[in-house]
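Here's the structure, in structure tokens; my notes come after.
Since every read-out is calculated from the coordinates, none of them should be taken as a lab result. Nothing here was measured: the structure is a model prediction, and the numbers come from that model. With ideal geometry, Cβ positions are generated from the backbone for all residues, glycine too; neighbour counts draw on all protein chains shown.
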Amino acid sequence: MDEVLAEVAAPSPSLDALVLLSPPHLATTAAQLLAAANPDIAITLAHDLAGLDAALTASEGQRVRLITICFGQVVPAALLARCTAGAVNLHPAPPEYPGSGALHLALYEGAASFGATAHLMQLPVDSGPILAVERFAIPAGIGHRSLSDLALGAVLNLLERLAPALTGELPPPCGEGWAERPHRLADVMALAKLTPYMPADEVRQRWRAFRDGPESPLYMDFQGLPLHYRAPGRIQGWFDGIQDGHAHGWAYDPAGGPVRLRLVVNDGAGMEMLATLPRPDVAAAGYGDGQCGFALPLEGLLPAEGPASIDILLPDDEWRRLPGAPRIL
């Protein structure tokens, strides 16, 4: 990537409008936090670079500020230059981890804390002056998906804390600096590879960093053959399907206690619920007392048009996918 800093418009102390660039499932919450701080400011939502370009074109001649939240693409310098009241990114990682793959890298290195960073946007990525940082301690034994949940919470906390400034006059840099050059995702993902004679400590570090999820990238390179890791899991169950606007099924944990489920639509919006509904058929099959059914409502989660992939994950069982999922509507 070009190492020369992009020539971006200097932040103006006042503004006429905001453009919020974020994944669709975060847009409503983020916009509400900003609007609560300044109800008079006009906020336009964008979810991709084309939408950002259109929003900036519609706001031509106004003092516009860009706020990006958990957006996975690089915003080109030409678009940043059109943000005449500045551009601020809320990065779901602390300044110690610029670039991509921060969740995996922090777990691999055994970091004690993680968090989120608000900074002015310039190129190269994650190099602009830092406005504020939100940090939290990393719980023992956590995987990267659960750490991602905590990082998102830190981003929203930071957004709420900074909302008056983001919708008004930006604060001066807080004095913190980026640790080093931004990490490349390809370099971080190379750590997902295990080999037969790798030292035990190195295996444990990579296991901790990559084991989570139904598509865990962790694999063993055995004489050139990639053997991919798939968590066997302890929770049993099945996603029966969609009926009457609900996702139905059951999930039973032999270790005891109701199972926590995460319903995810198109890898974005979702909800959590416990599987506690009566399922006499499941009890008759020998799975506990049968109080392990679920009916997860889909209202408000489905896209207005186009297909919807309905997935059900098990946060407490290495984020495995419940058998039978995903289903496509």
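Key figures for this structure:
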| item | result |
| --- | --- |
| Selection from GLY290, LEU34, TRP178 lying farthest towards where the dipole of the chain points positive, charges on Cβ | GLY290 |
| THR84, THR28 arranged by Cβ crowding within 10 Å, fewest neighbours leading | THR28, THR84 |
| The chain: relative contact order as a whole-number percent, Cα under 8 Å and 6+ apart | 14 |
| Order of PHE114, PHE136 - criterion: other Cβ atoms within 10 Å of each residue's Cβ, fewest first | PHE136, PHE114 |
| Translational D in µm²/s for region 194-291 (Stokes-Einstein at 20 °C, 1.002 mPa s, Kirkwood Rh from C-alpha pairs) | 131 |
| Rounded to the nearest 20 debye, dipole of region 3-117 from Cβ charges on Lys, Arg, Asp, Glu | 180 |
| Region 185-228, Cα convex hull volume normalised per residue, Å³ | 74 |
| Loop-resident sites, region 229-310, for GluC sites (Glu not before Pro), counting at most 10 other Cβ within 10 Å (DSSP) | GLU299, GLU305 |
| Which of ASP187, ASP317, ASP240 has the fewest Cβ neighbours within 10 Å, and the rest in rising order | ASP187, ASP240, ASP317 |
| Whole-angstrom Cα spans of the chain along principal axes, big to small | 68, 53, 33 |
| Given charges at beta-carbon only (K, R positive; D, E negative), |dipole| of the chain in Debye | 500 |
| DSSP beta bridges in region 24-179 [antiparallel fraction, %, rounded to 5] | 75 |
| Magnitude of the charge dipole, region 75-183, Cβ model with Lys/Arg +1 and Asp/Glu -1, debye to 20 | 180 |
